[in-house]
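No lab work stands behind these numbers, since they all come straight from the coordinates. Here the structure is a predicted model, which is why all the values come from computation and not from measurement. Here the Cβ is made from the backbone with ideal geometry for all residues, glycine too, and neighbour counts use every protein chain on show.
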């Protein structure tokens with residue numbers, strides 16, 4: 001069996017782009033493509049496309065959109081096809097504390113989520129921030145509406161409902177660090193998102209990446225994504241993990 005790297009240029013979608021909204025540049029953008037293909041007796045395809053764009057609509061405001069597309073197939077049978085769009089509006093992001101407004105939209109084929117939207121707001125605290133090295137933590141509160149294509153869940157109290165609505169609180173941790181004289185870049189973003197109404201309704205996600213600069217606007221990338229949802233359709237596992245390899249193209 002041979003393993004090949006998937007390097008396919010498609011439309012710019014991204015999850016957790018490490019664009020720093022506190023940067024002084026007016027416009028920033030990046031695109032990350034990672035994947036894995038295995039052929040032979042067992043054919044496996046995993047592909048992730050990630051993009052991020054930030055710009056300043058007004059002097060003290062920054063809008064950032066982060067989007068992703070994930071596709072996975074085994075033996076030419078689709079196992080995953082997910083879209084996630086994260087959108088933030090920040091006010092005075094050059095300050096130590098600054099407020100944010102957010103709006104998210106997502107779908108998930110494996111988890112039979114027809115759609116999920118989240119709206120809310122919060123505040124970010126910059127633990128430390130330099131031009132290309134930073135560590136931030138944020139707290140936010142959101143309203144969530146999720147519609148499923150199934151009504152049988154691992155938590156019996158949700159059986160019979162195709163929609164689950166709740167208010168959530170979220171803690172975010174976001175960092176970027178240049179190591180070994182800028183020869184290695186370590187990026188990470190983690191969030192924990194419990195329901196404020198139901199103690200058994202929560203989720204978390206960890207997105208870790210190591211990048212090696214190849215050129216000023218191009219990095220080789222290794223990406224690991226781990227997700228957990230406490231409420232899933234009956235018979236599904238609560239955790240998913242992806243390990244992919246590829247490149248990041250950026251404008252800065």
Alpha carbon centroid spacing (whole Å) that separates the stretch 42-96 from the stretch 181-226
12 Å
In nm, the gap between the two label points placed 7 Å beyond Cα toward Cβ at residue 132 and residue 107 is 3.8 nm
What is the stretch 169-210's relative contact order, in percent, from Cα pairs under 8 angstrom and six or more apart in sequence?
37 percent
Could you grab the relative contact order for the stretch 136-210? Cα pairs under 8 Å, six or more apart, rounded to a whole percent.
26 percent
Across 236, 157, 193, the residue with the highest GNM fluctuation in the chain (Cα network, 10 Å cutoff) is 157
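Between residue 181 and residue 139, what FRET efficiency comes out of the Förster formula 1/(1 + (r/R0)^6) with R0 = 41 Å and r the beta carbon distance, rounded to 0.05?
Calculated value: 0.75.
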Compute the FRET efficiency between residue 196 and residue 152 as 1/(1 + (r/R0)^6), taking r as their Cβ-Cβ distance and R0 = 25 Å, and round to the nearest 0.05.
0.50
Per residue Cα convex hull volume in Å³ - calculated over the chain:
125 Å³
Compute the relative contact order of the chain as a whole-number percentage, counting only Cα pairs closer than 8 Å that sit 6 or more residues apart in sequence.
14 percent
For labels at residue 43 and residue 165 in the simple 7 Å Cα→Cβ model, what's the distance in nm?
4.4 nm
